[in-house]
Amino acid sequence: MPQAWLRFQEVNMPKIADIENTPNPNAVKFILKEPLTWGITHSYENVSQAQDNILAAALFDIEHVSNVFYVDRWLTVTQDCDADWDELVRKIAVPIRASPAADTQTEATVAAATSANSELSPADQQRLDTINTLLDEQVRPHLKSDGGDLHVVGLAGNLLSVHYQGACGTCPSAISGTLRGIENLLQSIEPDLEVIAV
């Protein structure tokens, strides 16, 4: 990480505790001193997806920002490969500093965020719960430390659809090696399971 970031952070970013590089050279992870959410992830891959989120929309207003992902006390911004990180970090810091800390979220908000697969049969819901437990224990912590995450889109028969978020969304190793590693891990509990990234 360039020393300029650290000096700028100490002087001008009281809300930002740290800035970390990620395995994706086009993504940077901001560690925050106060949470933006309580367990609810926000993932935006373009400006139209972000139009109803004040923080994400403000970040997409910055030239070269191509992806915004945040949860709890960290936020990852991905750029389009054309920006100088030192300059871009300074611009990104402005809306982060202006964003309010998370209020206590209602149970309804949390329930809405976790009910995406409510159309599954009870047996498939149990399978999905087991899969998510294994992902929570052995995969997601590593992805989050790298500024990303993994969202399960759906389970249909023996096909599990997943979507990478944050820094992992455009990282070549996530789409190839990491995906095969996840599939191998999940095949330890369901040998016929196939995992695809969407």
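Residues that are of a type outside the set (Ser, Thr, Tyr) and more than 26 Å from Tyr70 (Cβ to Cβ) were ranked within the stretch 186-198; the one that is most open to solvent (accessible area, probe 1.4 Å) is Asp192.
Yes or no, residue by residue, for (1) among the polar types (S, T, N, Q); (2) modelled with pLDDT of 95 or more; (3) surrounded by 13 or more Cβ atoms within 10 Å (Cβ to Cβ); (4) part of a helix (DSSP H, G or I):
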{"site": "Glu119", "(1), (2), (3), (4)": "no, no, no, no"}
{"site": "Thr130", "(1), (2), (3), (4)": "yes, yes, yes, yes"}
{"site": "Ala174", "(1), (2), (3), (4)": "no, no, yes, yes"}
{"site": "Thr178", "(1), (2), (3), (4)": "yes, no, yes, yes"}
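Every condition in (1) under 15 Å from Thr170 (Cβ atoms); (2) open to solvent by 20 Å² or more (accessible area, probe 1.4 Å); (3) at pLDDT 95 or above is met by Asn21 except one, and the failing one is (3).
Once the stretch 156-170 is narrowed to residues that are touching a residue at least 40 places away in the same chain (Cβ under 8 Å) and over 16 Å from Leu135 (Cα atoms), the residue that is most open to solvent (accessible area, probe 1.4 Å) is Thr170.
The values are calculated or read from the model by the stated rules, or taken from the named source; none is laboratory data. Bear in mind the structure is a predicted one, so any value in this text is a computation, not a measurement. Please note: Cβ atoms are built from the backbone with ideal geometry, for glycine as well, and neighbour counts cover all protein chains shown. The accessibility values were calculated without ligands, DNA or RNA, using every heavy atom of the protein model including side chains. Shrake-Rupley method; radii C 1.70, N 1.55, O 1.52, S 1.80 Å.
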